[in-house]
Amino acid sequence: DMMSNGAMPDAMSPKAAPPKEPPKPLNIIQKTFRAEALARLQRATMAECGFVERLVTFWSNHFCISANKGELARMWSGAFEREAIRPHVLGNFGEMLRAVEQHPAMIFFLDNQQSIGPDSRAGQNRKKGLNENLAREIMELHTLGVNGGYTQADVTSLARIITGWTFAGRQAKLGAPGTFIFNANAHEPGPQKLLGKVYEDTGLAQGEAALADIARHPATAKFIATKFVRHFIADDPPPALVAKLEATFKKTGGDLRAMTLALVDADEAWRAPMTKIRMPYEYLVASGRMMGRIPEDPQRYLGGLNVLGQPLWTPAGPNGFADTNAAWAAPEGIKLRLDIASQISSRIADSIDPRALLDVVAGEAASAETRQTIERAESKQQAFALLLMSPEFQRR
(Lines give C-alpha, C1' and ligand atoms only; values in the text may rest on other atoms or scores of the structure.)
Protein backbone atom coordinates (compact mmCIF):
# COMPACT_ATOMS: atom_id res chain seq x y z
CA ASP A 1 0.00 0.00 0.00
CA MET A 2 1.45 3.34 -0.95
CA MET A 3 -1.02 6.08 -0.23
CA SER A 4 -4.62 7.12 -0.42
CA ASN A 5 -5.95 9.35 -3.18
CA GLY A 6 -5.54 12.61 -1.30
CA ALA A 7 -2.23 14.34 -0.71
CA MET A 8 -2.95 14.90 2.98
CA PRO A 9 -1.79 12.44 5.62
CA ASP A 10 -4.72 10.71 7.32
CA ALA A 11 -4.04 12.53 10.60
CA MET A 12 -4.84 15.87 8.98
CA SER A 13 -8.23 14.89 7.56
CA PRO A 14 -11.10 17.05 8.79
CA LYS A 15 -12.98 15.27 11.58
CA ALA A 16 -16.66 15.76 10.79
CA ALA A 17 -17.00 14.80 7.14
CA PRO A 18 -20.49 14.53 5.61
CA PRO A 19 -21.64 10.94 4.97
CA LYS A 20 -20.14 9.66 1.72
CA GLU A 21 -22.23 8.30 -1.10
CA PRO A 22 -21.36 4.68 -1.90
CA PRO A 23 -18.88 4.54 -4.81
CA LYS A 24 -20.38 3.79 -8.21
CA PRO A 25 -19.53 0.32 -9.55
CA LEU A 26 -16.63 0.35 -12.00
CA ASN A 27 -17.41 -0.05 -15.68
CA ILE A 28 -15.52 -2.50 -17.89
CA ILE A 29 -13.06 0.19 -19.02
CA GLN A 30 -12.13 1.18 -15.46
CA LYS A 31 -11.94 -2.47 -14.37
CA THR A 32 -9.63 -3.32 -17.28
CA PHE A 33 -7.37 -0.32 -16.63
CA ARG A 34 -7.05 -1.17 -12.93
CA ALA A 35 -6.38 -4.85 -13.59
CA GLU A 36 -3.64 -3.93 -16.06
CA ALA A 37 -2.20 -1.35 -13.64
CA LEU A 38 -2.14 -3.91 -10.81
CA ALA A 39 -0.44 -6.49 -13.06
CA ARG A 40 2.25 -3.96 -13.98
CA LEU A 41 2.80 -2.85 -10.39
CA GLN A 42 3.00 -6.42 -9.13
CA ARG A 43 5.55 -7.40 -11.78
CA ALA A 44 7.64 -4.32 -11.01
CA THR A 45 7.53 -4.95 -7.26
CA MET A 46 8.25 -8.68 -7.42
CA ALA A 47 10.89 -8.58 -10.18
CA GLU A 48 14.14 -10.20 -9.11
CA CYS A 49 15.98 -8.02 -11.59
CA GLY A 50 14.53 -4.53 -11.34
CA PHE A 51 16.67 -3.36 -14.25
CA VAL A 52 14.53 -5.14 -16.86
CA GLU A 53 11.43 -3.42 -15.41
CA ARG A 54 13.29 -0.13 -15.82
CA LEU A 55 13.73 -1.01 -19.51
CA VAL A 56 9.98 -1.61 -19.79
CA THR A 57 9.22 1.83 -18.33
CA PHE A 58 11.85 3.49 -20.54
CA TRP A 59 10.53 2.00 -23.78
CA SER A 60 6.91 2.41 -22.76
CA ASN A 61 7.61 6.13 -22.24
CA HIS A 62 9.56 6.35 -25.51
CA PHE A 63 6.71 4.79 -27.52
CA CYS A 64 4.02 6.29 -25.33
CA ILE A 65 0.31 6.53 -25.79
CA SER A 66 -2.06 8.36 -23.43
CA ALA A 67 -4.96 6.68 -21.66
CA ASN A 68 -6.74 10.07 -21.80
CA LYS A 69 -7.14 9.90 -25.57
CA GLY A 70 -10.48 8.11 -25.17
CA GLU A 71 -12.12 4.93 -23.95
CA LEU A 72 -10.22 2.68 -26.36
CA ALA A 73 -6.87 4.12 -25.23
CA ARG A 74 -7.78 3.53 -21.57
CA MET A 75 -8.85 -0.04 -22.36
CA TRP A 76 -5.72 -0.76 -24.38
CA SER A 77 -2.93 1.09 -22.54
CA GLY A 78 -1.90 -1.92 -20.44
CA ALA A 79 -2.27 -4.37 -23.33
CA PHE A 80 -0.16 -2.08 -25.55
CA GLU A 81 2.77 -2.17 -23.14
CA ARG A 82 2.37 -5.90 -22.49
CA GLU A 83 2.08 -6.88 -26.16
CA ALA A 84 4.19 -4.34 -28.08
CA ILE A 85 6.88 -3.24 -25.59
CA ARG A 86 7.60 -5.90 -22.96
CA PRO A 87 8.46 -8.81 -25.32
CA HIS A 88 11.06 -6.70 -27.16
CA VAL A 89 13.01 -4.78 -24.49
CA LEU A 90 15.93 -7.21 -24.86
CA GLY A 91 15.09 -7.99 -28.48
CA ASN A 92 15.38 -6.11 -31.76
CA PHE A 93 14.46 -2.44 -32.13
CA GLY A 94 12.97 -2.94 -35.61
CA GLU A 95 10.67 -5.66 -34.31
CA MET A 96 9.55 -3.47 -31.41
CA LEU A 97 8.95 -0.60 -33.85
CA ARG A 98 6.74 -2.76 -36.04
CA ALA A 99 4.81 -4.16 -33.05
CA VAL A 100 4.25 -0.62 -31.72
CA GLU A 101 3.11 0.98 -34.98
CA GLN A 102 0.77 -1.93 -35.77
CA HIS A 103 -0.79 -1.97 -32.32
CA PRO A 104 -4.41 -0.73 -32.27
CA ALA A 105 -3.58 1.45 -29.25
CA MET A 106 -0.93 3.45 -31.16
CA ILE A 107 -3.06 3.60 -34.31
CA PHE A 108 -5.95 4.99 -32.25
CA PHE A 109 -3.73 7.36 -30.23
CA LEU A 110 -2.34 8.98 -33.39
CA ASP A 111 -5.52 8.71 -35.50
CA ASN A 112 -4.23 6.46 -38.27
CA GLN A 113 -7.60 4.69 -38.50
CA GLN A 114 -8.85 8.03 -39.91
CA SER A 115 -6.11 8.26 -42.55
CA ILE A 116 -7.39 7.44 -46.03
CA GLY A 117 -5.32 7.43 -49.22
CA PRO A 118 -6.83 10.20 -51.41
CA ASP A 119 -6.61 7.99 -54.52
CA SER A 120 -7.68 4.77 -52.78
CA ARG A 121 -11.11 3.28 -53.33
CA ALA A 122 -12.30 4.61 -49.97
CA GLY A 123 -10.75 8.04 -50.62
CA GLN A 124 -12.49 8.46 -53.97
CA ASN A 125 -15.82 7.50 -52.46
CA ARG A 126 -15.61 9.49 -49.24
CA LYS A 127 -13.44 12.47 -50.09
CA LYS A 128 -11.50 11.91 -46.87
CA GLY A 129 -7.77 12.40 -46.81
CA LEU A 130 -4.48 11.67 -45.14
CA ASN A 131 -3.88 12.04 -41.42
CA GLU A 132 -0.13 12.56 -40.91
CA ASN A 133 -0.03 12.27 -37.09
CA LEU A 134 1.34 8.73 -36.88
CA ALA A 135 3.83 9.19 -39.73
CA ARG A 136 5.18 12.41 -38.17
CA GLU A 137 5.62 10.94 -34.68
CA ILE A 138 7.23 7.75 -36.05
CA MET A 139 10.01 9.91 -37.48
CA GLU A 140 10.19 12.75 -34.97
CA LEU A 141 9.72 10.87 -31.68
CA HIS A 142 10.11 7.14 -32.28
CA THR A 143 13.11 6.85 -34.62
CA LEU A 144 15.07 9.58 -36.44
CA GLY A 145 14.53 12.44 -34.02
CA VAL A 146 13.58 16.02 -34.84
CA ASN A 147 16.94 16.74 -36.54
CA GLY A 148 17.10 13.32 -38.17
CA GLY A 149 17.36 14.59 -41.75
CA TYR A 150 13.80 14.02 -42.98
CA THR A 151 11.55 16.60 -44.64
CA GLN A 152 7.83 17.39 -44.61
CA ALA A 153 7.65 15.58 -47.99
CA ASP A 154 8.98 12.44 -46.23
CA VAL A 155 6.27 12.73 -43.55
CA THR A 156 3.58 12.91 -46.23
CA SER A 157 5.14 10.01 -48.10
CA LEU A 158 5.27 7.80 -44.99
CA ALA A 159 1.67 8.78 -44.20
CA ARG A 160 0.64 7.53 -47.68
CA ILE A 161 2.64 4.32 -47.21
CA ILE A 162 0.83 3.44 -43.96
CA THR A 163 -2.71 4.27 -45.12
CA GLY A 164 -4.88 1.24 -44.46
CA TRP A 165 -3.08 0.43 -41.17
CA THR A 166 -6.10 0.30 -38.89
CA PHE A 167 -8.00 -1.98 -36.50
CA ALA A 168 -11.22 -3.95 -36.79
CA GLY A 169 -14.34 -2.38 -35.35
CA ARG A 170 -17.25 -3.94 -33.50
CA GLN A 171 -18.86 -5.24 -36.67
CA ALA A 172 -15.74 -7.40 -37.18
CA LYS A 173 -15.98 -7.09 -40.96
CA LEU A 174 -12.23 -7.35 -41.57
CA GLY A 175 -11.07 -9.19 -38.43
CA ALA A 176 -11.66 -9.79 -34.73
CA PRO A 177 -12.79 -6.53 -33.04
CA GLY A 178 -9.82 -4.52 -31.75
CA THR A 179 -7.14 -6.35 -33.74
CA PHE A 180 -4.72 -4.81 -36.25
CA ILE A 181 -5.86 -5.11 -39.86
CA PHE A 182 -4.65 -3.84 -43.20
CA ASN A 183 -7.53 -2.30 -45.14
CA ALA A 184 -6.47 -2.41 -48.80
CA ASN A 185 -9.44 -0.21 -49.78
CA ALA A 186 -7.99 2.72 -47.80
CA HIS A 187 -4.37 2.21 -48.92
CA GLU A 188 -2.90 4.84 -51.25
CA PRO A 189 -1.92 3.04 -54.48
CA GLY A 190 1.44 3.42 -56.22
CA PRO A 191 5.14 3.66 -55.36
CA GLN A 192 6.31 6.24 -52.77
CA LYS A 193 9.69 7.91 -52.33
CA LEU A 194 10.85 8.11 -48.72
CA LEU A 195 14.27 9.30 -47.48
CA GLY A 196 15.63 8.99 -51.02
CA LYS A 197 14.42 5.42 -51.61
CA VAL A 198 11.43 4.28 -53.67
CA TYR A 199 9.07 1.74 -52.10
CA GLU A 200 6.87 -0.15 -54.54
CA ASP A 201 3.21 -0.57 -53.64
CA THR A 202 3.24 -3.99 -52.03
CA GLY A 203 0.30 -3.27 -49.72
CA LEU A 204 1.05 -3.95 -46.06
CA ALA A 205 4.64 -4.96 -46.90
CA GLN A 206 5.32 -1.46 -48.30
CA GLY A 207 4.98 0.05 -44.81
CA GLU A 208 6.83 -2.80 -43.12
CA ALA A 209 9.79 -2.34 -45.48
CA ALA A 210 9.83 1.42 -44.82
CA LEU A 211 9.78 0.90 -41.03
CA ALA A 212 12.58 -1.70 -41.24
CA ASP A 213 14.80 0.80 -43.10
CA ILE A 214 13.98 3.68 -40.71
CA ALA A 215 14.82 1.40 -37.74
CA ARG A 216 18.31 0.83 -39.20
CA HIS A 217 18.90 4.49 -40.16
CA PRO A 218 22.05 6.07 -38.63
CA ALA A 219 19.97 8.98 -37.24
CA THR A 220 17.83 6.44 -35.36
CA ALA A 221 20.93 4.87 -33.77
CA LYS A 222 22.09 8.30 -32.56
CA PHE A 223 18.67 9.39 -31.32
CA ILE A 224 17.99 6.17 -29.39
CA ALA A 225 21.51 5.98 -27.89
CA THR A 226 21.29 9.62 -26.72
CA LYS A 227 17.87 9.13 -25.12
CA PHE A 228 18.96 5.88 -23.46
CA VAL A 229 22.04 7.48 -21.88
CA ARG A 230 20.00 10.52 -20.81
CA HIS A 231 17.58 8.23 -19.00
CA PHE A 232 20.14 6.09 -17.21
CA ILE A 233 23.18 8.34 -16.69
CA ALA A 234 22.78 12.11 -16.99
CA ASP A 235 20.53 14.87 -18.33
CA ASP A 236 23.51 15.95 -20.43
CA PRO A 237 24.52 12.57 -21.91
CA PRO A 238 28.32 11.99 -21.99
CA PRO A 239 29.22 11.98 -25.73
CA ALA A 240 31.73 9.09 -25.51
CA LEU A 241 29.13 6.82 -23.92
CA VAL A 242 26.49 7.85 -26.47
CA ALA A 243 28.97 7.07 -29.28
CA LYS A 244 29.68 3.62 -27.78
CA LEU A 245 25.96 2.71 -27.64
CA GLU A 246 25.30 4.22 -31.06
CA ALA A 247 28.08 2.07 -32.57
CA THR A 248 26.68 -1.06 -30.88
CA PHE A 249 23.16 -0.30 -32.15
CA LYS A 250 24.47 0.12 -35.72
CA LYS A 251 26.81 -2.88 -35.65
CA THR A 252 24.12 -5.26 -34.33
CA GLY A 253 21.21 -3.94 -36.43
CA GLY A 254 19.35 -2.60 -33.41
CA ASP A 255 19.97 -5.41 -30.90
CA LEU A 256 18.65 -3.87 -27.68
CA ARG A 257 20.20 -6.53 -25.44
CA ALA A 258 23.62 -5.70 -26.90
CA MET A 259 23.03 -1.96 -26.49
CA THR A 260 21.85 -2.42 -22.89
CA LEU A 261 24.87 -4.59 -22.04
CA ALA A 262 27.16 -1.98 -23.63
CA LEU A 263 25.72 0.55 -21.16
CA VAL A 264 26.13 -1.76 -18.17
CA ASP A 265 29.67 -2.75 -19.18
CA ALA A 266 30.90 0.81 -19.82
CA ASP A 267 33.20 2.33 -17.19
CA GLU A 268 31.70 5.77 -17.94
CA ALA A 269 28.30 4.53 -16.77
CA TRP A 270 29.68 3.74 -13.30
CA ARG A 271 32.10 6.65 -13.00
CA ALA A 272 29.46 9.28 -13.74
CA PRO A 273 28.17 11.00 -10.57
CA MET A 274 24.65 9.93 -9.58
CA THR A 275 22.65 12.94 -10.65
CA LYS A 276 19.43 11.44 -11.98
CA ILE A 277 16.30 11.78 -9.82
CA ARG A 278 13.87 8.89 -9.77
CA MET A 279 10.61 9.63 -11.57
CA PRO A 280 7.53 9.35 -9.31
CA TYR A 281 6.71 5.88 -10.65
CA GLU A 282 10.23 4.60 -9.89
CA TYR A 283 10.07 6.24 -6.47
CA LEU A 284 6.77 4.60 -5.48
CA VAL A 285 7.75 1.18 -6.83
CA ALA A 286 11.13 1.38 -5.05
CA SER A 287 9.27 2.15 -1.80
CA GLY A 288 7.06 -0.91 -2.27
CA ARG A 289 10.04 -3.13 -3.13
CA MET A 290 11.92 -1.92 -0.06
CA MET A 291 9.03 -2.85 2.20
CA GLY A 292 8.54 -6.19 0.46
CA ARG A 293 4.85 -5.44 -0.01
CA ILE A 294 3.10 -6.97 -3.00
CA PRO A 295 0.45 -4.47 -4.17
CA GLU A 296 -3.10 -5.78 -3.81
CA ASP A 297 -4.97 -2.63 -4.77
CA PRO A 298 -3.63 -0.36 -7.51
CA GLN A 299 -5.59 2.65 -6.26
CA ARG A 300 -3.01 3.91 -3.76
CA TYR A 301 -0.28 3.81 -6.38
CA LEU A 302 -2.51 5.39 -9.04
CA GLY A 303 -3.48 8.14 -6.61
CA GLY A 304 0.15 8.74 -5.65
CA LEU A 305 1.20 8.94 -9.31
CA ASN A 306 -1.56 11.47 -9.99
CA VAL A 307 -0.46 13.62 -7.04
CA LEU A 308 3.20 13.48 -8.10
CA GLY A 309 2.45 14.40 -11.72
CA GLN A 310 3.14 11.13 -13.52
CA PRO A 311 -0.28 9.50 -13.96
CA LEU A 312 0.15 5.92 -15.17
CA TRP A 313 0.26 5.58 -18.99
CA THR A 314 -1.03 9.16 -19.29
CA PRO A 315 1.63 11.66 -20.40
CA ALA A 316 0.47 15.09 -21.56
CA GLY A 317 1.69 14.56 -25.13
CA PRO A 318 3.13 11.99 -27.55
CA ASN A 319 6.68 12.89 -26.43
CA GLY A 320 6.10 11.14 -23.07
CA PHE A 321 7.08 12.26 -19.59
CA ALA A 322 10.18 14.46 -19.33
CA ASP A 323 13.32 12.56 -18.45
CA THR A 324 15.25 15.40 -16.82
CA ASN A 325 15.77 16.49 -13.25
CA ALA A 326 14.19 19.88 -13.91
CA ALA A 327 10.86 18.11 -14.35
CA TRP A 328 10.98 16.13 -11.09
CA ALA A 329 13.30 17.96 -8.66
CA ALA A 330 11.24 21.15 -8.35
CA PRO A 331 10.53 22.15 -4.72
CA GLU A 332 6.78 21.58 -5.08
CA GLY A 333 7.34 18.02 -6.34
CA ILE A 334 9.76 17.24 -3.50
CA LYS A 335 7.27 18.63 -0.96
CA LEU A 336 4.59 16.26 -2.32
CA ARG A 337 7.05 13.36 -2.02
CA LEU A 338 7.54 14.33 1.61
CA ASP A 339 3.75 14.15 2.19
CA ILE A 340 3.66 10.71 0.60
CA ALA A 341 6.73 9.51 2.54
CA SER A 342 5.06 10.46 5.81
CA GLN A 343 1.84 8.71 4.79
CA ILE A 344 3.66 5.50 3.87
CA SER A 345 5.66 5.69 7.12
CA SER A 346 2.55 6.14 9.25
CA ARG A 347 1.47 2.67 8.12
CA ILE A 348 4.68 0.70 8.63
CA ALA A 349 4.83 -1.98 11.28
CA ASP A 350 7.33 -1.90 14.12
CA SER A 351 9.03 -4.92 12.57
CA ILE A 352 10.63 -2.71 9.92
CA ASP A 353 14.05 -1.38 10.91
CA PRO A 354 14.91 1.70 8.81
CA ARG A 355 18.59 1.61 9.84
CA ALA A 356 19.03 -1.90 8.48
CA LEU A 357 17.12 -0.93 5.33
CA LEU A 358 19.52 1.94 4.66
CA ASP A 359 22.28 -0.63 4.11
CA VAL A 360 20.05 -2.56 1.72
CA VAL A 361 19.09 0.59 -0.20
CA ALA A 362 22.39 2.44 -0.32
CA GLY A 363 25.12 0.25 1.21
CA GLU A 364 28.46 2.04 1.10
CA ALA A 365 26.93 4.88 -0.93
CA ALA A 366 25.04 6.09 2.16
CA SER A 367 26.56 9.34 3.37
CA ALA A 368 27.53 9.84 7.03
CA GLU A 369 24.96 12.65 7.14
CA THR A 370 22.11 10.38 6.00
CA ARG A 371 23.16 7.67 8.47
CA GLN A 372 23.27 10.13 11.33
CA THR A 373 19.91 11.70 10.44
CA ILE A 374 18.16 8.31 10.37
CA GLU A 375 19.84 7.13 13.60
CA ARG A 376 18.73 10.26 15.45
CA ALA A 377 15.08 9.96 14.40
CA GLU A 378 12.59 9.99 17.27
CA SER A 379 10.62 6.96 16.09
CA LYS A 380 10.78 4.13 13.55
CA GLN A 381 8.07 5.89 11.55
CA GLN A 382 10.07 9.12 11.40
CA ALA A 383 13.26 7.23 10.55
CA PHE A 384 11.47 5.46 7.71
CA ALA A 385 10.12 8.74 6.31
CA LEU A 386 13.65 10.18 6.43
CA LEU A 387 14.97 7.11 4.62
CA LEU A 388 12.34 7.57 1.87
CA MET A 389 13.38 11.22 1.53
CA SER A 390 17.14 10.65 1.72
CA PRO A 391 19.15 11.83 -1.31
CA GLU A 392 20.32 8.23 -1.82
CA PHE A 393 16.73 6.99 -2.16
CA GLN A 394 15.77 9.81 -4.55
CA ARG A 395 18.54 8.83 -6.97
CA ARG A 396 18.39 6.32 -9.74
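The values are calculated or read from the model by the stated rules, or taken from the named source; none is laboratory data. Everything quoted here is computed from the prediction, not taken from an experiment. Counting neighbours? That spans all protein chains shown, and the Cβs are built from the backbone with ideal geometry, glycine included. Heavy atoms of the whole protein, side chains included, go into the accessibility calculation; ligands, DNA and RNA do not. Shrake-Rupley method; radii C 1.70, N 1.55, O 1.52, S 1.80 Å.
Can you compute the charge dipole magnitude of region 274-390 about its Cα centre, using +1 on each Lys and Arg Cβ and -1 on each Asp and Glu Cβ, nothing else charged? Give it in debye, rounded to the nearest 20.
On the way: 12 positive and 13 negative charges, 16 e Å.
Result for region 274-390 is approximately 80 debye, rounded to the nearest 20.
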Amide H neighbours of Asn92 at under 5 Å, excluding residues fewer than 5 places away on the same chain, with H built from the backbone geometry, are Leu256
What residue among Glu208, Glu132, Glu268 shows peak mean-square fluctuation when the chain is described by a Gaussian network model with Cα springs under 10 Å? Glu268
Projected onto the charge dipole of the chain (+1 at Lys/Arg Cβ, -1 at Asp/Glu Cβ, origin at the Cα centre), which of Gly94, Ser77, Asn112 gives the Cα projection farthest towards the positive end? Asn112
For the chain, what does the helix formula give at 222 nm: sum of -39500 (n - 2.57) over DSSP H segments with n ≥ 4, over the residue count, nearest 500 deg cm²/dmol? -15000 deg cm²/dmol
Chain lengthening between Lys193 and Ala349 when straightened (0.36 nm per residue, less Cα-Cα): 49.7 nm
Whole-Hz Karplus couplings 3J(HN,Hα) for region 223-233, θ = phi - 60° and coefficients 6.51, -1.76, 1.60, Gly and Pro as x, run 5, 5, 4, 4, 5, 5, 5, 4, 5, 8, 10
Output wanted: per-residue J couplings in Hz (rounded whole) for region 204-221, from phi through Karplus 6.51 cos²θ - 1.76 cosθ + 1.60, θ = phi - 60°, x for Gly and Pro. 4, 5, 4, x, 5, 5, 4, 5, 4, 5, 4, 4, 9, 5, x, 5, 5, 4
Could you check the spin-label model distance between Thr179 and Leu90? Points 7 Å from the Cα along Cα→Cβ, value in nm. 3.0 nm
Quick calc: nm separation of the 7 Å Cα→Cβ label points for Lys20 and Asn68 -> 2.5 nm
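With a ≥ b ≥ c the root eigenvalues of the C-alpha gyration tensor of region 255-394, is it rounded (a/c under 1.5), prolate (a/b larger than b/c) or oblate? Before the final figure, lay out the partial values.
Numbers: a/c = 1.73, a/b = 1.20, b/c = 1.44.
Here region 255-394 falls in the oblate category.
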Dipole moment magnitude, nearest 20 debye, region 134-269 about Cα centre, only Lys, Arg, Asp, Glu C-beta charged: 300 debye
For Phe167, what residues show an amide H to amide H distance below 5 Å, using hydrogens built from the backbone and excluding near sequence neighbours? Ile181
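Just want to confirm a number: the relative contact order over region 92-216, from Cα pairs under 8 angstrom separated by 6+ residues, in percent.
Working: 208 pairs, mean separation 34.1, N = 125.
It comes to 27 percent, rounded to a whole number.
Would you mind checking Lys128/Lys173; Lys222/Lys251; Lys173/Lys197; Lys128/Lys193; Lys197/Lys250 for any pair whose Cα atoms are more than 24 angstrom apart?
Working: Lys128/Lys173 20 Å; Lys222/Lys251 13 Å; Lys173/Lys197 35 Å; Lys128/Lys193 22 Å; Lys197/Lys250 20 Å.
Checking Cα-Cα distances, Lys173/Lys197 exceed 24 Å.
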Taking a quarter of the surface of the Cα convex hull of region 17-144, what do you get in nm²? 12.1 nm²
Simple SL model, points at 7 angstrom along Cα→Cβ for Leu338 and Asn125; separation in nm is 6.4 nm
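May I ask for the percentage of alpha-carbon pairs in region 92-216 that lie more than 17 Å from each other? Numbers along the way, then the final one.
Details: 4155 of 7750 pairs.
Counting pairs separated by more than 17 Å, the tail of P(r) holds 54 percent.
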Using r as the Cβ-Cβ distance of Glu369 and Cys49, and R0 as 25 Å, what FRET efficiency do you calculate, to the nearest 0.05? 0.25
At q = 0.15, 0.23 Å⁻¹, what log₁₀ I(q)/I(0) does region 303-374 have when each alpha carbon counts as one equal point scatterer in the Debye sum? -0.74, -1.12
Quick one: dipole size for the chain, taken about the Cα centre, charges +1 on Lys/Arg Cβ and -1 on Asp/Glu Cβ, in debye to the nearest 20. 740 debye
Connecting every pair of Cα atoms under 10 Å apart in the chain and solving the GNM, the largest mean-square fluctuation among Ala377, Ala44, Ala186 falls on Ala377
Once the Cα gyration tensor of the chain is found, what semi-axes does its equivalent ellipsoid get, as square roots of 5 times the eigenvalues, in whole Å, sorted largest first? 42, 27, 15
Hey, any idea what % of the chain's accessible area is carbon plus sulfur with a 1.4 Å probe? 54 percent
The chain: relative contact order in percent, alpha carbon pairs under 8 Å with at least 6 residues between: 20 percent
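Looking at the square roots a ≥ b ≥ c of the eigenvalues of the Cα gyration tensor of region 232-335, which shape do they give, rounded for a/c under 1.5, prolate if a/b is larger than b/c, or oblate?
Judged from the Cα gyration tensor, region 232-335 comes out prolate (a/c at least 1.5, a/b above b/c).
Expected output is a single nm value to one decimal: the length gained when fully extending between Lys251 and Thr156, i.e. 0.36 nm times separation in residues minus the C-alpha distance. What is it?
Values: separation 95, 0.36 × 95 = 34.20 nm, distance 3.00 nm.
So the extension gain works out to 31.2 nm.
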Go ahead and set up a Gaussian network model of the chain, Cα springs under 10 Å, then flag whichever of Asn125, Asn306, Asn185 fluctuates most. Asn125
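How much length, in nm to one decimal, is gained on full extension between Asn319 and Trp270, taken as 0.36 nm per residue of separation minus their Cα-Cα distance? Write down the numbers at each step before the final one.
Details: separation 49, 0.36 × 49 = 17.64 nm, distance 2.80 nm.
Between Asn319 and Trp270, full extension yields an extra 14.8 nm.
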